[in-house]
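Chemist: So that we are looking at the same thing, I have put the structure below in structure tokens.
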Amino acid sequence: MLPRHWEWLEEQPSGISATLRRLVDEARRHETAEQRARRRQDAAYRFMSAIAGDLPHFEEAARALYANDHARMAHLMAHWPRDVREYALRMASAE
């Protein structure tokens, strides 16, 4: 952040932390469905990459994730450990 941003935050009566929390909550309330979907996909991808990045068909499953093709994603992950597969699919489809 730039100095002017810090100065503005320091001037807020509720303090920096409370003001930042309020601004983030406000931004999340106005988040579009597309933004929520992208945030959900990114979280699922980070999980998949960390836990299953070396598993068969990882790259294709990641492409299916970002294409919102959950049926294809499930098919590609069929031989992954069940708990990993189920969690990734749940993350990908959660609203």
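The values are calculated or read from the model by the stated rules, or taken from the named source; none is laboratory data. Only a predicted model underlies this, so the values are computations on that prediction, with no experimental measurement involved. In this analysis, Cβ positions are derived from the backbone assuming ideal geometry, glycine residues included, and neighbour counts consider all displayed protein chains. Surface accessibility is based on the protein's heavy atoms, side chains included, excluding ligands, DNA and RNA. Shrake-Rupley method; radii C 1.70, N 1.55, O 1.52, S 1.80 Å.
Chemist: Scanning the range 42-69 for residues that are hydroxyl-bearing (Ser, Thr, Tyr) and within 16 Å of Asp83 (Cα to Cα), which turns out farthest from the chain's Cα centre (by Cα)?
Modeler: Ser49
Chemist: Based on this model, can you work out whether Arg29 counts as among the basic types (Lys, Arg) and under 20 Å from Ala67 (Cα atoms)?
Modeler: It is false that Arg29 is among the basic types (Lys, Arg) and under 20 Å from Ala67 (Cα atoms).
Chemist: Considering (1) in contact (Cβ under 8 Å) with a residue 12 or more places away in the chain; (2) on the phi > 0 side of the Ramachandran plot; (3) open to solvent by less than 80 Å² (accessible area, probe 1.4 Å), say which one Asn68 fails and leave the rest.
Modeler: The number of the failed condition is (3).
Chemist: Where residues in the range 28-65 are open to solvent by less than 100 Å² (accessible area, probe 1.4 Å) and charged (D, E, K, R), which of them is modelled with the lowest pLDDT?
Modeler: Here the residue is Glu31.
Chemist: How about the range 6-20: which of its residues are assigned to a helix (DSSP H, G or I) and more than 30 Å from Ala94 (Cβ to Cβ)?
Modeler: Once the filter is applied, which keeps residues that are assigned to a helix (DSSP H, G or I) and more than 30 Å from Ala94 (Cβ to Cβ), the range 6-20 yields Trp6, Glu7, Trp8, Leu9, Glu10, Glu11, Ile16.
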